[in-house]
Amino acid sequence: MGKSVVWLSSVSVLFAALVITGCGAGTDAGEEVSDFTSIIDNDGADPWILQTESYFYYTKTTGNNLTLWRAENLSLVATGEKKIIWEMPEEFESIWAPELHYLDDHWVMYFAANRPSETHRMFALVNHQTDPYMGDWQLEEIKGMDDKFAIDGTVLEISDKRYFLWSGWEGYENIAQNLYLAEMVSPTKVVGEKRLISKPEYEWEMRQTPLINEAPQVIIKDKTVNLVYSASGSWDNDYALGLMTLDVADDPLEKANWQKKPEPIFQQTNTVYGPGHNGFAKSKDGSEDWLIYHAARWDHSGWERSIRLQKFGWDQEDKILLEPPLDERCVQSLPKGEPNRMRLPASRALLEGDLAIVEDDAALSKKVVQGFESITDKIIFTPQIEKATESLVIVYVKTNDPLIMNEPIRIKIETKQASQLVDAYPSKYYQPLQVRMKLPKGEQEIMISSEIGVDTLSIDRLEIVK
C-alpha cells in the first residue's frame with residue numbers, strides 16, 4: 001500500500017504535515033486526512049456501482065425492494081441521495097443482486113427474483129426518463145431465456161455486439177451454478193441457446209456444495225476482457241474471486257476462447273473473510289480503478305456482510321491485479337478528487353458516565369472508548385468547524401459480542417441543533433455509522449450515546465466530511 005500525505009488546512013489550530021503509511025497509523029485530535037478505511041456500508045451484499053458524469057449510482061441486495069443511492073463521491077455512495085424505485089409485489093418472494101445499466105438511451109435495472117414454488121429467474125425494470133430518479137419503472141422479463149434458475153445477470157459489450165452474462169443451472173436440480181452467455185438483440189431480449197463459459201472445476205471453487213460460479217463482472221482493459229467471478233459458497237469464509245480473460249477479437253460464446261486462472265485472485269485473509277461479489281468503478285478524474293465487494297462481518301458470520309472499497313491495478317498483460325483484502329485498520333488514500341476528512345480519535349474526546357479508555361490493536365487509533373451500557377454514558381467530540389455547512393458525520397463503532405446480538409443497537413448521534421438514530425450491526429470490526437448533519441461555524445459538540453444502553457460498545461474515532 002502506498003503512502004498518502006495527510007495535512008490540515010487552516011482551522012482554529014494549525015497542525016504540521018505528516019505522512020501515514022500502512023495499517024493502524026495513529027492520529028492526533030482534529031487532523032485533516034486524505035485517507036479512509038475500506039468499509040463504506042455496514043450492512044448489505046452484492047454491491048454494484050454505475051458511474052456517470054454527474055454521479056456514482058449505487059445499489060445492493062435489500063431483499064424486498066430495489067433501491068438506488070447516488071453521490072458525487074465514490075467513497076460516500078452508501079450515504080448518498082436514496083430512492084426506492086420498486087417495491088416487491090406479493091407475487092415475488094425475494095430479490096437478489098440488482099444492477100443498474102444505461103442502454104439504448106434508457107435505464108435498465110437487472111435483478112433476480114423468485115415466485116412462490118419457483119426458483120430465481122432474471123428480470124428487468126426499465127425507465128425511459130433521463131433522470132432515473134424520475135418517472136415510472138416498468139417490469140419486464142428477459143425474453144429468450146429458459147425457465148431454469150438464473151441470477152446475477154450483467155452485460156458484456158465488445159466488437160459492436162452485446163451479450164447477457166449470468167449464473168445458472170444446467171438443468172432443474174441444484175447441483176452446480178455455472179456461468180452462461182447469450183447474445184442480446186435488445187436490453188431485455190436474448191437470442192440463441194445459452195452457452196456455457198465456466199463451471200466449478202478447481203479445488204478452490206468446490207469447497208462447498210452445491211458447487212458455485214456466480215456474480216460475473218466485466219471490465220475491459222485495452223484488448224483484454226477481464227471477467228471476475230465469485231466461487232465457493234457465499235455463506236462461508238472460502239468465498240473468493242476468480243478471473244477469466246478473453247481477447248476482444250475472439251468470440252465470447254466459445255468457451256475455449258476464455259483463459260481461466262486456476263487460483264483465486266482475491267480471497268480471505270486472517271482478518272477478512274469471504275470476500276466476493278464485486279463491482280467496478282473509477283475515481284472522479286478517471287485515473288484510478290476501484291473494486292467494490294462484500295465480506296463477512298466476522299469469522300464464519302455467513303450472510304452477515306458489509307461492503308468495502310479498495311483500489312486495484314493491472315499487470316503487463318492488461319489483467320486485473322488485486323492486492324489482498326484490506327484489514328479494517330488499514331488506511332488507503334481517498335479516490336482522487338474527493339474532499340479530505342477531519343478525524344478525531346475517541347480517546348481525546350470528553351467522556352460522561354461510566355466510560356473507560358482501553359487499548360485495542362484492532363482500532364485505527366489504538367486507544368478506544370468502551371462502555372455505553374447505560375443511556376447516561378456519553379462521548380462528546382468538539383470539532384472546530386470553519387464554515388457552516390451540511391457535513392457527513394461518521395462514527396466508528398464496534399459491538400462487544402456479535403454472537404449474542406439478535407438486533408442492531410440503536411446509536412444516538414446528536415448536536416445542540418439535531419439528533420439522529422442509526423443502527424450498529426453485530427460486527428468484529430469498527431463499522432462506520434454515517435449521518436448527514438448541518439454543523440454551524442465554530443466549536444461544536446457532537447455527542448454519541450446508546451438509545452437504550454445494556455450492550456457494551458467501543459468507539460474508535462469520529463470523522464467529518466464537508
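Annotations for the structure displayed:
- Coil-residue trypsin sites (Lys or Arg not before Pro) of the range 350-409, DSSP, other Cβ within 10 Å capped at 12: K387
- Evaluated at q = 0.17, 0.18 Å⁻¹, the base-10 log of the normalised Debye intensity for the range 99-229, with identical point scatterers placed on the Cα atoms, takes the values -0.94, -1.03.
- Each of I464, N400, H120 was placed along the dipole of the chain (beta-carbon charges, centred on the mean Cα), and the one lying farthest toward the positive end is I464.
- Note on the range 219-330: Cα-Cα pairs beyond 22 Å make up 35% of the total pair count.
- What you get for the range 230-318, charging only the Cβ of Lys and Arg (+1) and of Asp and Glu (-1), is a dipole of about 440 debye around the Cα centre.
- Convex hull of Cα atoms in the chain, direction-averaged projection (nm²): 22.1 nm²
- Neighbourhood net charge (11 Å Cβ-Cβ; Lys/Arg +1, Asp/Glu -1) for W48: -2
- Sparsely packed trypsin sites (Lys or Arg not before Pro) within the range 136-168, loop by DSSP, other Cβ within 10 Å at most 16: K148
- Dipole moment magnitude, nearest 20 debye, the range 171-323 about Cα centre, only Lys, Arg, Asp, Glu C-beta charged: 380 debye
- Environment charge of P262, counting only residues whose C-beta is closer than 15 Å and scoring Lys/Arg +1, Asp/Glu -1: +1
- The overall shape of the range 289-345, judged from the alpha-carbon gyration tensor, is oblate: a/c is not under 1.5, and a/b is no greater than b/c.
- Positive-end ranking of N64, I446, P132 along the dipole of the chain, with charges on Cβ about the Cα centre, is headed by I446.
- Distance violations [Cα-Cα > 27 Å] among K223/K260; K143/K284; K260/K282: K143/K284
- Long-range HN-HN contacts of D43 with modeled amide H, under 5 Å: I307
- Listed pairs K416/K441; K366/K428; K60/K194; K83/K438 exceeding 19 Å between Cα atoms: K60/K194; K83/K438
- In this structure the amide hydrogen of H120, modeled in the peptide plane, comes within under 5 Å of the amide hydrogens of A150, none closer than 5 places in sequence on its chain.
- In Hz, Karplus ³J(HN,Hα) per residue of the range 452-466 (6.51, -1.76, 1.60; θ = phi - 60°; x = Gly, Pro): 10, x, 6, 7, 7, 10, 10, 10, 8, 6, 10, 10, 10, 10, 5
- Net charge contributed by nearby residues that have their C-beta within less than 15 Å of D238 (K/R +1, D/E -1): -4
- Cβ-placed point charges (K, R +1; D, E -1), dipole of the range 134-243 about Cα centre in debye, nearest 20: 360 debye
- Protein heavy-atom accessible surface, 1.4 Å probe, per residue over the range 94-141: 43 Å².
- Sulfur and carbon atoms: percent of accessible area, the range 360-466 [1.4 Å]: 45 percent
- The range 63-122: GluC sites (Glu not before Pro) in DSSP loop, at most 11 other beta carbons within 10 Å: E90, E91
- Cα gyration tensor, the range 157-247 - rounded (a/c under 1.5), prolate or oblate: oblate
The values are calculated or read from the model by the stated rules, or taken from the named source; none is laboratory data. What you see is a predicted model; the values in this text were computed from it and never measured. No Cβ is skipped: glycine too gets one built from the backbone with ideal geometry, and neighbour counts run over all protein chains shown. Keep in mind that these areas ignore ligands, DNA and RNA; they rest on the heavy atoms of the full protein, side chains included. Shrake-Rupley method; radii C 1.70, N 1.55, O 1.52, S 1.80 Å.
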